[in-house]
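Report on the structure given below.
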Amino acid sequence: MNCLVLNSLHMPIDICSPKKAMTKLAKEKATLVETYVDDYLDDWRKAMEAPAVIRLAHFMFPPAKKRFERFTRKNIWLRDRGHCQYCNAFIPLNKMHWDHVIPRDKGGKTNWQNIVCACLKCNQKKANTVMKPLKKPVAMLRKISIEKEMILRLKSLKNLPSDKWRDYIYWEIELKET
(Lines give C-alpha, C1' and ligand atoms only; values in the text may rest on other atoms or scores of the structure.)
Protein backbone atom coordinates (compact mmCIF):
# COMPACT_ATOMS: atom_id res chain seq x y z
CA MET A 1 0.00 0.00 0.00
CA ASN A 2 1.64 3.22 -1.20
CA CYS A 3 0.74 6.88 -1.04
CA LEU A 4 0.73 9.27 -4.01
CA VAL A 5 2.41 12.60 -3.25
CA LEU A 6 1.21 15.74 -5.04
CA ASN A 7 2.84 19.15 -5.00
CA SER A 8 0.78 22.21 -4.08
CA LEU A 9 -0.51 22.44 -7.68
CA HIS A 10 -1.86 18.86 -7.49
CA MET A 11 0.86 17.54 -9.78
CA PRO A 12 2.05 13.98 -8.93
CA ILE A 13 5.71 14.09 -7.96
CA ASP A 14 6.38 11.01 -5.84
CA ILE A 15 5.16 7.74 -4.40
CA CYS A 16 5.98 7.10 -0.75
CA SER A 17 5.23 4.70 2.05
CA PRO A 18 2.30 5.36 4.41
CA LYS A 19 4.79 5.86 7.26
CA LYS A 20 6.58 8.64 5.34
CA ALA A 21 3.22 10.20 4.45
CA MET A 22 2.19 10.10 8.13
CA THR A 23 5.43 11.87 9.10
CA LYS A 24 4.76 14.64 6.55
CA LEU A 25 1.20 14.99 7.85
CA ALA A 26 2.32 15.08 11.51
CA LYS A 27 4.92 17.79 10.75
CA GLU A 28 2.24 19.71 8.79
CA LYS A 29 4.37 19.58 5.64
CA ALA A 30 1.42 18.03 3.79
CA THR A 31 -2.35 17.79 3.91
CA LEU A 32 -4.45 14.68 3.53
CA VAL A 33 -6.37 14.51 0.24
CA GLU A 34 -7.61 10.90 0.05
CA THR A 35 -7.53 7.91 2.38
CA TYR A 36 -7.91 4.18 1.90
CA VAL A 37 -11.36 3.09 3.08
CA ASP A 38 -11.40 0.56 5.94
CA ASP A 39 -7.61 0.53 6.19
CA TYR A 40 -6.18 2.00 9.37
CA LEU A 41 -2.67 2.77 10.55
CA ASP A 42 -1.67 3.16 14.17
CA ASP A 43 -0.43 6.66 14.84
CA TRP A 44 1.35 7.36 18.12
CA ARG A 45 -1.61 9.55 19.10
CA LYS A 46 -4.58 7.74 17.56
CA ALA A 47 -5.59 5.24 14.91
CA MET A 48 -6.14 6.95 11.58
CA GLU A 49 -7.09 5.95 8.07
CA ALA A 50 -4.15 5.09 5.83
CA PRO A 51 -3.31 7.97 3.48
CA ALA A 52 -3.80 7.25 -0.24
CA VAL A 53 -3.01 10.74 -1.58
CA ILE A 54 -1.34 13.68 0.17
CA ARG A 55 -0.59 17.21 -1.05
CA LEU A 56 2.55 19.05 -0.01
CA ALA A 57 2.02 22.41 1.69
CA HIS A 58 4.75 24.17 -0.31
CA PHE A 59 5.42 24.02 -4.04
CA MET A 60 8.08 21.49 -4.93
CA PHE A 61 9.37 20.68 -8.37
CA PRO A 62 12.32 18.32 -8.07
CA PRO A 63 15.08 18.53 -10.66
CA ALA A 64 15.01 16.12 -13.57
CA LYS A 65 16.56 12.81 -12.69
CA LYS A 66 19.77 11.98 -14.49
CA ARG A 67 20.47 8.63 -16.04
CA PHE A 68 23.44 7.39 -18.00
CA GLU A 69 23.13 6.70 -21.69
CA ARG A 70 24.08 3.20 -22.82
CA PHE A 71 27.81 2.71 -23.34
CA THR A 72 27.94 2.22 -27.11
CA ARG A 73 30.25 3.16 -29.95
CA LYS A 74 27.69 5.63 -31.35
CA ASN A 75 27.16 7.32 -27.97
CA ILE A 76 30.92 7.77 -27.53
CA TRP A 77 31.03 9.36 -30.99
CA LEU A 78 28.08 11.62 -30.07
CA ARG A 79 29.66 12.61 -26.74
CA ASP A 80 32.92 13.61 -28.48
CA ARG A 81 30.92 15.24 -31.30
CA GLY A 82 32.70 13.06 -33.85
CA HIS A 83 36.10 14.64 -33.25
CA CYS A 84 39.38 12.90 -32.49
CA GLN A 85 40.26 13.72 -28.90
CA TYR A 86 43.98 13.99 -29.71
CA CYS A 87 44.10 16.07 -32.95
CA ASN A 88 40.52 17.45 -33.06
CA ALA A 89 39.94 16.18 -36.64
CA PHE A 90 36.36 15.23 -37.57
CA ILE A 91 35.86 11.47 -37.98
CA PRO A 92 32.79 9.89 -39.60
CA LEU A 93 31.16 7.28 -37.37
CA ASN A 94 32.13 4.41 -39.69
CA LYS A 95 35.84 5.43 -39.51
CA MET A 96 35.95 6.11 -35.78
CA HIS A 97 38.30 4.16 -33.53
CA TRP A 98 37.91 4.21 -29.81
CA ASP A 99 40.95 4.52 -27.66
CA HIS A 100 41.68 3.71 -24.03
CA VAL A 101 43.20 6.84 -22.44
CA ILE A 102 44.94 4.55 -19.94
CA PRO A 103 45.77 1.32 -21.82
CA ARG A 104 44.15 -1.88 -20.54
CA ASP A 105 47.50 -3.50 -19.75
CA LYS A 106 48.27 -0.52 -17.48
CA GLY A 107 45.03 -0.91 -15.53
CA GLY A 108 42.69 1.06 -17.78
CA LYS A 109 39.08 -0.07 -17.99
CA THR A 110 36.59 -0.01 -20.83
CA ASN A 111 34.13 2.58 -19.53
CA TRP A 112 32.90 6.12 -20.15
CA GLN A 113 35.77 7.69 -18.20
CA ASN A 114 38.55 5.92 -20.11
CA ILE A 115 37.36 5.72 -23.75
CA VAL A 116 37.61 8.51 -26.33
CA CYS A 117 37.18 8.88 -30.10
CA ALA A 118 40.42 8.71 -32.04
CA CYS A 119 41.33 8.83 -35.69
CA LEU A 120 43.39 5.92 -37.06
CA LYS A 121 46.56 8.03 -37.28
CA CYS A 122 46.40 9.18 -33.62
CA ASN A 123 45.35 5.74 -32.40
CA GLN A 124 48.42 4.17 -34.05
CA LYS A 125 50.71 6.99 -32.87
CA LYS A 126 49.50 6.66 -29.27
CA ALA A 127 49.78 2.86 -29.36
CA ASN A 128 50.24 1.55 -25.82
CA THR A 129 51.23 4.81 -24.14
CA VAL A 130 49.32 7.32 -22.03
CA MET A 131 48.43 10.56 -23.82
CA LYS A 132 46.24 13.32 -22.46
CA PRO A 133 43.06 13.84 -24.55
CA LEU A 134 41.81 17.33 -25.42
CA LYS A 135 38.79 16.90 -23.14
CA LYS A 136 38.45 14.68 -20.09
CA PRO A 137 36.09 11.80 -20.96
CA VAL A 138 32.93 11.71 -18.83
CA ALA A 139 29.83 9.56 -18.76
CA MET A 140 27.10 10.71 -21.13
CA LEU A 141 23.98 11.69 -19.22
CA ARG A 142 20.46 12.22 -20.36
CA LYS A 143 17.80 14.09 -18.47
CA ILE A 144 14.33 12.76 -17.81
CA SER A 145 11.56 15.19 -16.88
CA ILE A 146 9.68 14.60 -13.64
CA GLU A 147 6.54 13.75 -15.62
CA LYS A 148 8.31 11.03 -17.60
CA GLU A 149 9.93 9.72 -14.42
CA MET A 150 6.54 9.48 -12.71
CA ILE A 151 5.04 7.70 -15.74
CA LEU A 152 7.90 5.17 -15.65
CA ARG A 153 7.42 4.63 -11.91
CA LEU A 154 3.66 4.19 -12.29
CA LYS A 155 4.11 1.80 -15.20
CA SER A 156 6.48 -0.27 -13.06
CA LEU A 157 3.61 -0.90 -10.65
CA LYS A 158 1.60 -3.86 -11.88
CA ASN A 159 -1.70 -2.25 -10.91
CA LEU A 160 -2.51 1.13 -9.46
CA PRO A 161 -2.91 0.59 -5.72
CA SER A 162 -6.13 2.52 -5.68
CA ASP A 163 -8.75 3.98 -7.98
CA LYS A 164 -8.34 7.11 -5.86
CA TRP A 165 -5.08 7.84 -7.70
CA ARG A 166 -6.75 8.02 -11.14
CA ASP A 167 -8.13 11.52 -10.52
CA TYR A 168 -4.62 12.83 -9.92
CA ILE A 169 -2.74 11.05 -12.69
CA TYR A 170 -3.97 13.39 -15.37
CA TRP A 171 -1.79 12.10 -18.22
CA GLU A 172 -3.55 8.72 -18.04
CA ILE A 173 -7.00 10.26 -18.55
CA GLU A 174 -8.33 10.65 -22.06
CA LEU A 175 -9.76 14.13 -22.61
CA LYS A 176 -13.19 14.50 -24.20
CA GLU A 177 -14.19 17.34 -26.49
CA THR A 178 -17.07 19.49 -25.29
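The values are calculated or read from the model by the stated rules, or taken from the named source; none is laboratory data. Because the structure is predicted, anything quoted here is derived from the model rather than measured. No Cβ is skipped: glycine too gets one built from the backbone with ideal geometry, and neighbour counts run over all protein chains shown.
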- Name the residues in the range 101-117 that are surrounded by 11 or more Cβ atoms within 10 Å (Cβ to Cβ) and either among the acidic types (D, E) or over 30 Å from the mean Cα position of the chain (by Cα) (or both), would you? P103, R104
- Which ones in the range 83-113 are outside any strand (DSSP E or B), under 13 Å from L134 (Cα atoms) and not β-branched (V, I, T)? C84, Q85, Y86, C87, N88, A89
- Task: Please determine, by comparing only the residues of the range 15-38 that are free of Cβ contacts under 8 Å to residues at least 12 places away in the same chain and not in a helix (DSSP H, G or I), which one is nearest to R55 (Cα to Cα).
- Result: K27
- Query: Looking at the range 138-157, is at least one residue assigned to a loop (DSSP other than H, G, I, E, B), modelled with pLDDT of 90 or more and surrounded by 13 or more Cβ atoms within 10 Å (Cβ to Cβ)?
  - Reply: yes
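Do we find a residue being assigned to a helix (DSSP H, G or I) and surrounded by 13 or more Cβ atoms within 10 Å (Cβ to Cβ) anywhere in the range 125-133?
yes
Out of contact with any helix residue (DSSP H, G or I) (no Cβ under 8 Å at 6 or more places or on another chain), surrounded by 11 or more Cβ atoms within 10 Å (Cβ to Cβ) and at pLDDT below 95, is that true of R79? Before you say what the answer is, go through the steps one by one.
Working: out of contact with any helix residue (DSSP H, G or I) (no Cβ under 8 Å at 6 or more places or on another chain): yes; surrounded by 11 or more Cβ atoms within 10 Å (Cβ to Cβ): yes; at pLDDT below 95: yes.
Considered against the rule, which asks whether it is out of contact with any helix residue (DSSP H, G or I) (no Cβ under 8 Å at 6 or more places or on another chain), surrounded by 11 or more Cβ atoms within 10 Å (Cβ to Cβ) and at pLDDT below 95, R79 comes out as yes.
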- Query: When the range 13-68 is examined, which residues are found to be among the small types (G, A, S) and at pLDDT 80 or above?
  - Reply: S17, A21, A26, A30, A50, A52, A57
